1. Which one is least open to solvent (accessible area, probe 1.4 Å) among residues in region 160-184 that are under 25 Å from the mean Cα position of the chain (by Cα) and away from the ligand (no atom under 16 Å from the Cβ)?
2. Kindly indicate whether R73 is outside any helix (DSSP H, G or I), in contact with a helix residue (DSSP H, G or I) (Cβ under 8 Å, 6 or more places away or on another chain) and within 23 Å of E317 (Cβ to Cβ).
3. Could you identify the single residue in A23, A11 that is under 30 Å from G255 (Cβ atoms) and touching a Gly at 6+ places or on another chain (Cβ under 7 Å)?
4. Only one of these conditions is not met by A157: (1) among the hydrophobic types (A, V, I, L, M, F, W, C); (2) buried (at least 22 other Cβ atoms within 10 Å of the Cβ); (3) closer than 30 Å to G246 by Cα; (4) touching a Lys or Arg at 6+ places or on another chain (Cβ under 8 Å). Which number is it?
5. Say whether the condition of being crowded, with 24+ Cβ neighbours inside 10 Å and within 12 Å of the ligand (Cβ to nearest atom) is met by at least one residue in region 272-282.
6. Would you point out the residue of region 342-381, among those that are on the phi > 0 side of the Ramachandran plot and without any contact (Cβ under 8 Å) to a residue 40 or more places away in the chain, that is least open to solvent (accessible area, probe 1.4 Å)?
7. If you scan region 123-135, which residues turn out to be in a strand (DSSP E or B) and more than 27 Å from the chain's Cα centre (by Cα)?
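The values are calculated or read from the model by the stated rules, or taken from the named source; none is laboratory data. Since we're looking at a predicted model, the values are computed, not measured. All Cβ positions, glycine included, derive from the backbone under ideal geometry; neighbour counts span all protein chains shown. Just the protein is used for accessible areas: all its heavy atoms, side chains included, with ligands, DNA and RNA removed. Shrake-Rupley method; radii C 1.70, N 1.55, O 1.52, S 1.80 Å.
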Amino acid sequence: MSGGTSGTRTADVIVVGGGIMGAATAFFLRRRGRSVILIERGLVGQQASGVNFGNVRRQGRFLPQLPLANRSRAIWGRLPELIGEDAEFLPSGHIRVCFRAEEVGELEAHARDVLEYGLELEIVSGNALRMRFPYVSPDAKAASLSPLDGHANPRLAAPAFGRAARRAGAIVHEETEVVAVEKLGEDFVVATRERGEFRAPAVQISAGAWAGALSARFGEPVPMVAHGPQMGVTEPVPYAIEPVIGVYSDIAEEGVYLRQVLRGNIVYGGGLRGPALPDIRRAYVDPANTLRQLPHLRRVVPALAQLRTIRTWSGIEGYMADGIPVIGPSARVPGLFYAVGFCGHGVQLGPGVGDVMAELIDTGATTTPIEPFHVARFAAGTGGQVQP
Ligand SMILES: Cc1cc2nc3c(=O)[nH]c(=O)nc-3n(C[C@H](O)[C@H](O)[C@H](O)COP(=O)(O)OP(=O)(O)OC[C@H]3O[C@@H](n4cnc5c(N)ncnc54)[C@H](O)[C@@H]3O)c2cc1C
């Protein structure tokens, strides 16, 4: 099977939504020789995938998600070879810092739990913490280091997958809104506002925070709400902070995170979320949230007190009721697939989700377990709980 020309109206697969999930899926489907039409309402990577914090983090995840996160991490390390650019992925390490004695035990327990998934974490405390991460507050009790995690530039990653998919033969229609998806006989008919109808025997819905309306049409409504994580960036200063730093705490307001880019700016986020309105495609920074973030950022890296914030922003992210995404086939409609609802932790997973979805659509099965993310967990009668 091959790619096609922009006049092509049929393909093996139509991917709805060109965030990192959709763009990566289109790329990996082409590597498997499947013809693909990727349809994006705006520009590829314009929504959550382009405005996020850029955390390529595995530690702290829901444990059954780690095989997928590991698969994704391997792809992050191969981006230049696969898509011809690195999206500024820096395997700088990622530390989770705690300030309470009882939290040290929790970080240690997590380090034990993730070992069976092949993730090796190191708990650093006392003098070692001060020596290795001198910018971290002396009040910190310990840090959990994931040495092979890091960060990337979200502005670059999804568009790079989109361009690579197109080079590999995918048809990519930007500024094209899908207004209806229906199954007629063996094929799906995907109607767009700007370019008419397209047909394919398989459709992936990867429409981010907007996916609910599309899945509901197939009798699979998902309990998704939109929120806007709150981001900011400081003026540039000489590069000094290598790892991504996150605060480990049960208190939402304390859970801030930061990373320094090689150009010197410190990007930060976390704490309380702000309002996001998918209907008008707007997410807002609540200035009160920024003011709440600042003391918590200074708490973990006191030197940040001297820096000015030069910009704040937010974006629209879909959060599921149970805190984990929907990844996999429809429970009701053969040929329909979902990759939606990434609950603020989709960046790291993006390339792996694209790879695993392409495998699933191409072969009907996956070598990486994704059952806990099946949409059927929201079917009537399960109370929206994750099934084992
Ligand atoms: C401010 C912010 C900070 C974040 N920080 C992090 C972080 O540090 N680490 C992390 O792991 N995750 C983070 N996330 C979450 C992460 O960005 C998302 O989980 C991830 O980008 C989701 O990718 P996606 O492709 O599913 O969604 P999106 O990027 O939202 O892509 C969905 C696409 O579908 C398109 N679409 C929707 N409806 C239609 C339609 N009808 N027709 C055609 N196209 C349609 C949209 O235009 C959009 O481009 C953050 C998110 C935000 C908003």
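1. Per the stated criteria, the residue is G169.
2. Against the criterion (outside any helix (DSSP H, G or I), in contact with a helix residue (DSSP H, G or I) (Cβ under 8 Å, 6 or more places away or on another chain) and within 23 Å of E317 (Cβ to Cβ)), R73 does not qualify.
3. On inspection, the qualifying residue turns out to be A23.
4. It fails just one condition, (4).
5. no
6. C343
7. V124, S125
Condition check ((1) more than 16 Å from the ligand (Cβ to nearest atom); (2) of a type in the set (V, I, T); (3) part of a loop (DSSP other than H, G, I, E, B); (4) modelled with pLDDT under 95) across all residues:
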site	(1), (2), (3), (4)
G60	no, no, yes, no
E81	yes, no, no, no
A87	no, no, yes, no
R96	no, no, no, no
A109	yes, no, no, no
S137	yes, no, yes, no
